[in-house]
Amino acid sequence: MTTYNWELIERLLHEVQNGADHSFTPRPYAEEHAAAKAAEGEQVENLDHLKTTATEYEKLLLDRGFIAPRPEEEGGNGENFVLTPRGSSLLAMIDSSIPGNDHPRELLDQQADALDTATFDSLASRAQNA
């Protein structure tokens, strides 16, 4: 069973969403994420591991169609991305600013690999119809 750091993925997706004018840099985002967690008094995992995980998530999100290269006409520079419809669905499911987001995360955690495209698409379509 594959487990994911949903808070880190949420942070990365928000950075993609707001990243028209700058390059996507997952390692610094992981560092900022860790600093924010530490400021809230939460225990932070090994920073080097978190940075590596963020880089791996970038590749996974791109390879599985949650993000795509940003088109030039939208400010794309070859180093930034846009959310795809699949990525927007994922962000909607895990967004911590939405009340009651714990249930979708729990549902995702129950899957063998929640970010497998077929698995995720099935879950997302059920969530939209609920």
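Give me, ordered by chain and number, the residues 5 or more places off Asp113 or on other chains with an amide H under 5 Å from its own placed amide H.
So Asp113 has HN proximity to Thr2.
Excluding Ala54 itself, calculate the net charge of residues whose Cβ lies under 14 Å from the Cβ of Ala54, where each Lys or Arg counts +1 and each Asp or Glu counts -1.
-4
Expressed as a rounded percentage, what relative contact order does the range 6-129 have, with Cα pairs under 8 Å and six or more residues apart?
Once normalised by length, the contact order is 27 percent.
Ignoring solvent entirely, what values of log10 I(q)/I(0) come out of the Debye formula for the chain at 0.10, 0.21, 0.22 Å⁻¹ when each Cα is a single scatterer?
For the requested q values the scattering log ratios are -0.32, -1.33, -1.41.
From the residues Ile94, Thr119, Leu62, which one has its Cα farthest along the dipole of the range 6-129 in the positive direction, the dipole being from +1 and -1 charges on Cβ of Lys/Arg and Asp/Glu about the Cα centre?
Highest projection toward the positive end goes to Thr119.
What residues have an amide H closer than 5 Å to that of Ile67, excluding those fewer than 5 places away on the same chain, when H is modeled at 1.01 Å from N in the peptide plane?
Residues meeting the amide H criterion: Leu62, Thr84.
Would you tally the net charge around Asp116, using a Cβ to Cβ cut-off of less than 14 Å, leaving Asp116 out, and scoring K and R as +1, D and E as -1?
So the surrounding residues net to -2.
Place a +1 charge on the Cβ of each Lys and Arg in the range 49-130 and a -1 charge on the Cβ of each Asp and Glu, then give the dipole magnitude about the Cα centre in debye, rounded to the nearest 20.
I would put it at about 120 debye.
Sum up the charges of everything whose Cβ sits under 11 Å from the Cβ of Arg64, counting Lys and Arg as +1 and Asp and Glu as -1, but leave Arg64 out.
Its environment carries a net charge of -2.
Rank by packing, highest mean first: peptides 40-47, 54-61, with packing defined as the count of other Cβ atoms within 10 Å averaged across residues.
Averaged packing, sorted descending, gives the order 54-61, 40-47.
Since every read-out is calculated from the coordinates, none of them should be taken as a lab result. It should be emphasised that the depicted structure is a prediction, and the values quoted were computed from it without experimental measurement. No Cβ is skipped: glycine too gets one built from the backbone with ideal geometry, and neighbour counts run over all protein chains shown.
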